[in-house]
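All remarks here apply to the structure that follows.
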Amino acid sequence: MRLADALRLKPGQVVAFTGAGGKSTCLRKLATELAGELPVVLTTTTKILHDQTDLASSHLIMNQPQAMMELRRLLRTQTSVLLTGRASAQKKKWFGLDIAQLDKVHAIVREAGGVLIIEADGARGCSLKAPATHEPVIPSFADLVVPIAGLDVVGEKIDSGLVHR
């Protein structure tokens, strides 16, 4: 069964992935499964690794006012678009979008009949994560929140290095 079918994704919906151990893999899987069916926009509310720009067929840095118009254009020409903020000072990660940007993106994706898929949590590569007061950052308009945990943590001690927080 496809992940998109298991989640019962429909045009206009917003899905937020939280936790650890496979969020980026889920984003990549959904972008691949839905390619050609409907527009797919991937983003984060935290940070993603610099080398993850291949999660989608196109990458748009949302740091200019004209970026929203560019997003509209890309949704007509690309199967999937990854939206990020600017690169961090260390150039190892891309910053995510803030809630105000996400609200505008949500409207554009909904108009285009696409889906918005958000990595709403950072886990520093660990397989399990405890939430904090500042994350996960889940927008109020999310239709579905999917918690993720890596199976490699089952049976391991909490201080094994596989757990964030």
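The values are calculated or read from the model by the stated rules, or taken from the named source; none is laboratory data. Everything numeric here is computed off the predicted structure, so don't read it as measured data. Note that each Cβ is placed from the backbone with ideal geometry, even for glycine, and that neighbours are counted across all protein chains shown. In case anyone asks, the SASA skips ligands and DNA or RNA and just uses the protein heavy atoms, side chains included. Shrake-Rupley method; radii C 1.70, N 1.55, O 1.52, S 1.80 Å.
Data for the structure
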read-out	value
Relative contact order, percent, the stretch 62-122 [alpha-carbon distance under 8 Å, six or more residues apart]	26
Lysines with Cα under 19 Å of Lys23, excluding same-chain neighbours fewer than 8 positions away	Lys47, Lys92, Lys93, Lys129
Cut-off 11 Å between beta-carbons: net charge of the residues surrounding Pro39, Lys and Arg +1, Asp and Glu -1	+1
Largest-first ordering by accessible area, 1.4 Å probe, given options His134, His106, His59	His134, His59, His106
Dimensionless Rg over Rh [the chain; C-alpha; Kirkwood]	0.96
